[in-house]
Amino acid sequence: MVDLFAGPGGLDVAAHWLGVSVTGIEWDENACATRRAAGLETVQGDVRNHNPDEFPHATILAGGPPCQTYTVAGAGAGRKALDKVLSFIDRMVGGDDITTELAALDDERTGLVLQPLRWALEAHRAGKPYKTIVLEQVPAVLPVWEAMARGLESLGYKTATGILNAEEYGVPQTRRRAIMIANLELVPELPAPTHHRFRRKELIVSTDRPSLLPTRSIGETLNRAEPFVLVSNYGTGGDPKARGRRTSKEPAFTVTGKVSRNRLYSDEGELDRLTLSEAGQLQTFPADYPWAGKDVSQQIGNAIPPRLAVHVLAAALGRVLPDDFLDTMTRSRWSSPVETVPTARNTEGIPQLV
């Protein structure tokens, strides 16, 4: 698998749990420092300067492009340029070169969301199409994924798109992500929830799915004495003093790059703030994941939760996860893929990927 915009390794960890070898492309030095510490195969560089022919054995393409211009927390350049981005997709599928027009966008990061499509089209035209494609982003990007899915369907892919709620997959936070999966050989479906949904201090109990597990809480994730309250920077509207407050019996709000500012309180007063390990655990990284480099809080907030990622990747590949698989993986010590599963290389030194 080749993972575009790989960050500190959310998708890579999921792939490792599934036994899929992966190389990630990431330009940020801090994220690359974490990746190196974790033993993840990494190419440090700009995705735009690399091509599928550098990874000839990869059959899976994955990616989570930067979200800053699409997220509601940003200035919204991507949301404002949405119609233009959607028109670019049709033209790319039709064979047009839009490189110059992408460079002319108000914020160049807006066009990065189209890089996975460029990779998919180049691989297809070279006669070596990816068998499976997995993409994730903030909810505002769903129209882009839907348009991209239509383009891929014209090339023979079967696709599925939608918004997933992370807490429905055992992630101890309420986080929504837009997902697109595509497969050349089977009809993919988005993964079925394994846990109940949570909304505004109220469990959404699915009466038609009584087998779903309770929402995973902050308290059962962190090794701290309960009860306590976690106060994050997340949330809008209402009383500002009441924003972002979740008890230890509830899932956290979305973990962001400002997670180091989150505060914890018990009846006795303020507690120590979250450690980097604890912030990573709320994203479902292993407790001993070796965070490195600077701006680690930002790395953590930018990552896709591995527990959500493994559900999506397994669904894209048509795999069924054993009931206790993820609890075992997330509670196990982290083991470096480089140390445990050496990556073979060809005579040019290019990783031989699954």
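The values are calculated or read from the model by the stated rules, or taken from the named source; none is laboratory data. Please read these numbers as outputs of a predicted model, since none were measured by experiment. Quick reminder, even Gly has a Cβ in these numbers, built from the backbone with ideal geometry, and neighbours come from all protein chains shown.
Remarks
- In summary, Tyr265 fulfils each of the numbered conditions (1) more than 22 Å from the chain's Cα centre (by Cα); (2) assigned to a loop (DSSP other than H, G, I, E, B) with the single exception of condition (2).
- Residues that are touching a residue at least 24 places away in the same chain (Cβ under 8 Å), in a loop (DSSP other than H, G, I, E, B) and surrounded by fewer than 21 Cβ atoms within 10 Å (Cβ to Cβ) within region 292-327 comprise Ala292, Gly293, Lys294, Asp295, Gly318, Arg319, listed in sequence order.
The rows are residues; the columns are (1) closer than 26 Å to Ile181 by Cβ; (2) at pLDDT 95 or above; (3) small (Gly, Ala, Ser).
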residue: Asp239; (1), (2), (3): no, no, no
residue: Leu264; (1), (2), (3): no, yes, no
residue: Val296; (1), (2), (3): no, yes, no
residue: Asn302; (1), (2), (3): yes, no, no
residue: Arg307; (1), (2), (3): yes, yes, no
residue: Val312; (1), (2), (3): yes, yes, no
residue: Ala315; (1), (2), (3): yes, yes, yes
residue: Val320; (1), (2), (3): yes, no, no
residue: Arg345; (1), (2), (3): no, no, no
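- Among residues of region 107-129, those that are surrounded by 12 or more Cβ atoms within 10 Å (Cβ to Cβ) and either basic (Lys, Arg) or farther than 14 Å from Pro66 by Cβ (or both), counted: 13
- From Leu152, Leu164, residue being in a helix (DSSP H, G or I) and either of a type outside the set (Val, Ile, Thr) or surrounded by fewer than 19 Cβ atoms within 10 Å (Cβ to Cβ) (or both): Leu152
- Of all residues in region 177-215, those satisfying the criterion of being among the charged types (D, E, K, R) and either at pLDDT below 95 or not assigned by TED's automatic domain parsing to the domain that holds Leu11 (or both) are Arg197, Arg199, Arg200, Lys201, Glu202, Asp208, Arg209.
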